[in-house]
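One structure below.
The values are calculated or read from the model by the stated rules, or taken from the named source; none is laboratory data. What you are looking at is a predicted structure, and each value in this text was computed from that prediction instead of being measured. Glycine also receives a Cβ, built like all others from the backbone with ideal geometry; neighbour counts cover every protein chain displayed. Heavy atoms of the whole protein, side chains included, go into the accessibility calculation; ligands, DNA and RNA do not. Shrake-Rupley method; radii C 1.70, N 1.55, O 1.52, S 1.80 Å.
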Amino acid sequence: MSSAEPLTILCYPDPRLHTVARPVAQIDDRIRALIPRMLSTMYEANGIGLAATQVDVHERLIVIDVSEGRNQPMVLINPEIEWASPEKRKGEEGCLSVPGIYDGVERSLAVRVRAQDGEGKSRVIEADGMLAVCIQHEMDHLMGKVFVEYLSPLKRNRIKGKLVKAQREAMRA
Ligand code: NI
């Protein structure tokens with residue numbers, strides 16, 4: 001896929017995951033170098049999406065690949081939701097920043113999003129199914145929101161405790 005050097009993914013409850021991203025001002029060499037590194041980070045971790053927030057870059061940039069063959073990367077720069085279906089459905093979600101945790105989140109079934117691609121061209125994406133869920137999940141990251149924040153405080157605290165313990169153990173190992 002991409003041979004670019006992967007980046008470190010921030011893990012919940014890292015407070016940096018709650019940073020609100022600013023717009024990408026210019027698709028310059030720095031952004032052009034970041035895109036392949038975000039893609040290789042996502043592919044290496046077997047994820048279907050990654051927001052720049054998760055690699056501690058607080059700008060509105062997302063990479064996604066929901067394809068079966070893992071060969072249809074999408075780059076969304078400065079994405080804005082133009083429309084979200086009022087029909088919602090609860091589905092199981094996970095997150096590379098919340099390893100090993102899966103739980104139900106209610107999302108719009110379909111969305112229409114305007115974003116720039118990696119070359120700066122403005123595009124409109126009509127998404128449903130897994131792509132619609134993924135776009136909403138990743139755009140939440142750009143607002144500093146992690147999916148576990150949709151869960152009950154009890155569940156969220158349990159997840160927090162579990163991950164803090166796992167991270168402590170990983171550090172000791
Ligand atoms: Ni995520």
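Checking the conditions here, which among 57, 66 is at pLDDT 95 or above, away from the ligand (no atom under 14 Å from the Cβ) and not aromatic (Phe, Trp, Tyr)?
Step by step, each of 57, 66 is checked, and only 57 is at pLDDT 95 or above, away from the ligand (no atom under 14 Å from the Cβ) and not aromatic (Phe, Trp, Tyr).
Which ones in segment 81-127 are more than 16 Å from the ligand (Cβ to nearest atom), open to solvent by 40 Å² or more (accessible area, probe 1.4 Å) and without any contact (Cβ under 8 Å) to a residue 24 or more places away in the chain?
Across segment 81-127, the qualifying residues are 86, 87, 88, 89, 90, 121, 122, 123, 126.
One residue is enough: does segment 92-110 have a residue meeting the conditions among the polar types (S, T, N, Q) and closer than 25 Å to residue 8 by Cα?
yes
Conditions tested, residue by residue: (1) part of a helix (DSSP H, G or I); (2) out of contact with any helix residue (DSSP H, G or I) (no Cβ under 7 Å at 6 or more places or on another chain); (3) closer than 30 Å to residue 158 by Cβ; (4) open to solvent by 20 Å² or more (accessible area, probe 1.4 Å).
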{"position": "7", "(1), (2), (3), (4)": "no, no, yes, yes"}
{"position": "17", "(1), (2), (3), (4)": "yes, no, yes, no"}
{"position": "42", "(1), (2), (3), (4)": "yes, yes, yes, no"}
{"position": "47", "(1), (2), (3), (4)": "no, yes, yes, no"}
{"position": "57", "(1), (2), (3), (4)": "no, no, yes, yes"}
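Only residues that are small (Gly, Ala, Ser) and either open to solvent by 50 Å² or more (accessible area, probe 1.4 Å) or not in a helix (DSSP H, G or I) (or both): list them for segment 143-163, please.
144, 152
Please find, among 166, 170, the residue that is open to solvent by less than 90 Å² (accessible area, probe 1.4 Å), in a helix (DSSP H, G or I), more than 23 Å from residue 37 (Cβ to Cβ) and more than 16 Å from the ligand (Cβ to nearest atom).
So the residue among 166, 170 that is open to solvent by less than 90 Å² (accessible area, probe 1.4 Å), in a helix (DSSP H, G or I), more than 23 Å from residue 37 (Cβ to Cβ) and more than 16 Å from the ligand (Cβ to nearest atom) is 166.
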